[in-house]
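Undergrad: Dumping the structure here so I can ask a few things about it.
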Amino acid sequence: MSCRRRQFLPVLPALLTTTAAVEASPAAALVAPPLRVVYPRPVRDVDRSSLFPLQLLKLALDASGVRCELSASKDLMVQSRALKELEAPQDHLHIAWSMTSVQREQSLLPVRIPIFKGLYGWRVLLIKQGQQAAWSEVDGLDGLKRFTLVQGHDWPDTEILRANGLTVTTGSSFAALFKMLDMGRAQAFPRSVLEAGWEQEGQKQLFAVEPKLVLHYPTAVYFFVRPGDQRLAALVELGLNRLLANGGFDRLFDAHHAEPLRQAGLHKRRVIELHNPLLPEQTPLARKELWRLP
C-alpha cells in the first residue's frame, strides 16, 4: 500500500490489510456476499435518492472497492433515535450522519471527513415575516443576546449557542421548532446556510431569512458507525478519500450546494464568531481540502 494511502487513514492501518486483500483479488470480491449497510430512514418527506449524504455514502462505498448493499432502516428515525440505535447491541442500523461532539465521538466511531465541508457551522437566521427591522441594529454577539433562539433539545448547536451566552429555547421535533418561532416563543431559528433556503421556500408567507447576519462556529458533520465496526469505518474513509483525490466529492458537493451558497450571499453578511466547546481535538482542521469557506 502506498505511503499516500496510509496518510489518508492514519487511525486505521491494520484494517487496510483486509481492504488491500479485496482489491488484490477482484474475483474474491465478486463471489463474496455484499456488505449490508443500513442507514436511518428519514422522517421528513424527501426523495432519498436526492439526499446529498446518501449519494455521497453510495459513491464512497462504491469507491472503496468492496460490494455493499445500502438500504434504509425499517422504521423512520429522527437523528437522536438513529444515534441511540447505533449504540445499541442490536444490529438494526450501521451508519448515520450527525454533527460531531466530544460525547458523540466517545460513544460512536466517527469517520473524520466533514461531509458538508464545515458549512453546517455557518448559520443564517430564520425569522418571522415582518420582523426584519428588529434585527437591523444587531452588529455583534451582544446585540444577538437580546433575542431568544430556538433549537432541538438534543442538538449540539444548543449547547454551543448557550456556551456563548445566548438564550435558547428548545423543542423535541422539527415541526415544533417552527411552531415555536411562529408563536413568538423565539425570535430566530439558526439554520445552516445549506438548509435555510429550501426550508423557508414552502413557508415564505410565515418566515424569512434575515438578510445581514451569519453566525459561525467550527464544526463538522461526519458519518458515524457502530462502536467497534472498524471495517465499515475504514471502507467509508477510504472511499471518501478517493473521491476527494479524483474530484468526485467536490463535483457532487457543488451540484447540491453551489446554488444555496450563492443565494445566501455570505460575503455580504456580518459574521458573528462563536466558539465551539464541543469540538474534539481530533478534528482535522489542518486538512484544508476538507473545508469550504463561503
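The values are calculated or read from the model by the stated rules, or taken from the named source; none is laboratory data. What you see is a predicted model, and the numbers here were worked out from it, not measured in a lab. For neighbour counting, all protein chains shown are included, and Cβ atoms are generated from backbone atoms with ideal geometry for every residue, glycine included. SASA here: full protein model, heavy atoms, side chains in, ligands and nucleic acids out. Shrake-Rupley method; radii C 1.70, N 1.55, O 1.52, S 1.80 Å.
Undergrad: State whether one or more residues within the range 180-188 are farther than 19 Å from Leu83 by Cα and touching a residue at least 60 places away in the same chain (Cβ under 8 Å). Full working, then the answer.
TA: Here is the first cut: in the range 180-188, the residues farther than 19 Å from Leu83 by Cα are 180-188.
If we keep only those that are touching a residue at least 60 places away in the same chain (Cβ under 8 Å) too, we end up with 187-188.
Looking for residues that are farther than 19 Å from Leu83 by Cα and touching a residue at least 60 places away in the same chain (Cβ under 8 Å), one finds at least one in the range 180-188, hence yes.
Undergrad: Filtering the range 163-175 down to residues that are surrounded by 15 or more Cβ atoms within 10 Å (Cβ to Cβ) and not polar (S, T, N, Q), which residue is nearest to Leu274 (Cα to Cα)?
TA: If we take residues in the range 163-175 being surrounded by 15 or more Cβ atoms within 10 Å (Cβ to Cβ) and not polar (S, T, N, Q), then Leu166 is nearest to Leu274 (Cα to Cα).
Undergrad: Across the range 116-135, what is the total count of residues that are surrounded by fewer than 22 Cβ atoms within 10 Å (Cβ to Cβ) and of a type outside the set (Phe, Trp, Tyr)?
TA: Here the count works out to 9.
Undergrad: Condition first: open to solvent by less than 10 Å² (accessible area, probe 1.4 Å) and farther than 24 Å from Ser172 by Cα. Can you find one or more residues in the range 76-93 that meet it? Lay out the reasoning, then the answer.
TA: Just the residues of the range 76-93 that are open to solvent by less than 10 Å² (accessible area, probe 1.4 Å), to begin with: 82, 86, 93.
Now restrict to residues that are farther than 24 Å from Ser172 by Cα: none.
Taking every residue of the range 76-93 in turn, none turns out to be open to solvent by less than 10 Å² (accessible area, probe 1.4 Å) and farther than 24 Å from Ser172 by Cα.
Undergrad: Let me ask something else. Quick one: which strands (runs of 3 or more DSSP E) lie wholly within the range 90-177 and hold at least 2 residues that are touching a His at 6+ places or on another chain (Cβ under 8 Å)?
TA: Details: elements: 95-99, 109-111, 122-128, 148-152, 167-171.
Hits in the range 90-177: 122-128, 167-171.
Undergrad: Report yes if some residue within the range 111-119 is under 23 Å from the mean Cα position of the chain (by Cα) and closer than 17 Å to Phe189 by Cα; otherwise report no. It would help to see each step written out before you state the result.
TA: Within the range 111-119, the first condition is being under 23 Å from the mean Cα position of the chain (by Cα), and the residues that meet it are 111-119.
With the extra rule that they be closer than 17 Å to Phe189 by Cα, the set shrinks to 119.
Checked the range 111-119: at least one residue is under 23 Å from the mean Cα position of the chain (by Cα) and closer than 17 Å to Phe189 by Cα.
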